1. Give the residue, chosen from 184, 127, that is surrounded by 13 or more Cβ atoms within 10 Å (Cβ to Cβ) and touching a strand residue (DSSP E or B) at 6+ places or on another chain (Cβ under 7 Å).
2. In this structure, is residue 96 touching a Leu at 6+ places or on another chain (Cβ under 8 Å), small (Gly, Ala, Ser) and under 20 Å from residue 58 (Cβ atoms)?
3. Does at least one position in the range 94-110 carry a residue that is of a type outside the set (Lys, Arg), surrounded by fewer than 23 Cβ atoms within 10 Å (Cβ to Cβ) and over 15 Å from the mean Cα position of the chain (by Cα)?
4. Condition first: among the hydrophobic types (A, V, I, L, M, F, W, C) and in contact with a strand residue (DSSP E or B) (Cβ under 6 Å, 6 or more places away or on another chain). Now tell me which residues in the range 148-162 satisfy that.
5. In the range 166-181, which residues are at pLDDT 95 or above and surrounded by fewer than 16 Cβ atoms within 10 Å (Cβ to Cβ)?
6. Out of the range 30-55, which residues are surrounded by 13 or more Cβ atoms within 10 Å (Cβ to Cβ) and either without any contact (Cβ under 8 Å) to a residue 60 or more places away in the chain or closer than 17 Å to residue 108 by Cα (or both)?
7. Which residue is farthest from residue 178 (Cα to Cα), if the candidates are limited to the range 59-93 and must be aliphatic (A, V, I, L, M) and touching a residue at least 40 places away in the same chain (Cβ under 8 Å)?
8. Name the one entry in 133, 124 that is closer than 19 Å to residue 76 by Cα, of a type in the set (Asp, Glu) and at pLDDT 95 or above.
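The values are calculated or read from the model by the stated rules, or taken from the named source; none is laboratory data. Just so we're clear, the structure is a prediction, and the values are computed from it rather than from any experiment. Heads up, the Cβs are rebuilt from the backbone with ideal geometry, glycines too, and the neighbour counts pull from every protein chain shown.
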Amino acid sequence: MNRRDLLKVSTLAGLAVAATGNARAEACTTDGTPNQFIPKKAADANPLDRDIEKYPKCPYCGMDRKEHNKTRMLVQYGDDLADGVCSIHCLALSLSLNIDRQPKNIWGPDFAAASEPRPLLPVDQLIYLIGADLKHAMTKKSKHSFASLSVAREFQAKHGGTLGNFNDALRESYLGMSEDVAQIRKNREERRKRAMQQKQG
């Protein structure tokens with residue numbers, strides 16, 4: 001093999017190695033969380049500041065977080081990407097889809113607070129009332145959070161349910177996901193039919 005042919009083979013081998021390296025790099029960037037589920041907003045060191053203004057709509061269901069401020073939640077991952085969601089149901093989706101991101105902070109609302117919007121607090125400071133006869137966004141089995149144990153007990157006395165912590169509420173969200181998704185699909189289909197009927201009528 002002459003020097004010119006050797007140079008050609010060497011160049012092609014170099015290109016093949018580079019192409020393989022690029023393919024591996026591309027594969028690595030698509031492993032784990034698919035790009036469409038990565039939080040879309042820029043990294044934010046303080047997502048809690050003006051959270052409704054910065055995260056007005058839930059990225060998983062499209063619901064208005066200001067309207068659903070009593071159930072909204074916020075998660076900040078270790079890379080400072082944040083998801084502002086409407087409920088613990090959609091928080092469960094975010095945590096599942098971003099499985100390669102470690103949550104740094106998770107905040108939930110004080111349901112009993114008088115202010116609008118409800119203030120968000122770290123979830124480890126909240127008491128959850130699970131399964132009370134109180135309406136909740138995106139789920140049939142309510143999971144409302146309270147800053148005060150005594151207030152949570154007052155709501156429990158009036159509305160039933162059991163008291164627990166954030167992990168208890170999150171576990172119930174995952175256990176009820178199939179039933180909740182089926183109900184959400186049914187509700188949305190009924191809304192589409194009504195909208196179509198109004199349009200035709």
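1. Numbers: 184 fails: touching a strand residue (DSSP E or B) at 6+ places or on another chain (Cβ under 7 Å).
The match here is 127.
2. Details: touching a Leu at 6+ places or on another chain (Cβ under 8 Å): no; small (Gly, Ala, Ser): yes; under 20 Å from residue 58 (Cβ atoms): yes.
In short, no.
3. Yes, there is a match, as at least one residue in the range 94-110 is of a type outside the set (Lys, Arg), surrounded by fewer than 23 Cβ atoms within 10 Å (Cβ to Cβ) and over 15 Å from the mean Cα position of the chain (by Cα).
4. Within the range 148-162, the subset among the hydrophobic types (A, V, I, L, M, F, W, C) is 149, 151-152, 155, 157.
Once the filter is applied, which keeps residues that are among the hydrophobic types (A, V, I, L, M, F, W, C) and in contact with a strand residue (DSSP E or B) (Cβ under 6 Å, 6 or more places away or on another chain), the range 148-162 yields 149, 152, 155.
5. 167, 168, 171, 174, 175
6. If the condition is that a residue be surrounded by 13 or more Cβ atoms within 10 Å (Cβ to Cβ) and either without any contact (Cβ under 8 Å) to a residue 60 or more places away in the chain or closer than 17 Å to residue 108 by Cα (or both), then 39, 41, 44, 47, 48, 51, 52, 54, 55 are the ones that fit.
7. So in the range 59-93, the residues aliphatic (A, V, I, L, M) come out as 63, 73-75, 81-82, 85, 88, 91-93.
Filter once more, so that each one left must be touching a residue at least 40 places away in the same chain (Cβ under 8 Å): 63, 73-74, 81-82, 88, 91-92.
Details: 63: 19, 73: 21, 74: 23, 81: 27, 82: 25, 88: 14, 91: 15, 92: 12 Å.
Looking at the filtered set, the residue picked out is 81.
8. On the way: 133 fails: closer than 19 Å to residue 76 by Cα.
Of 133, 124, the one residue that is closer than 19 Å to residue 76 by Cα, of a type in the set (Asp, Glu) and at pLDDT 95 or above is 124.
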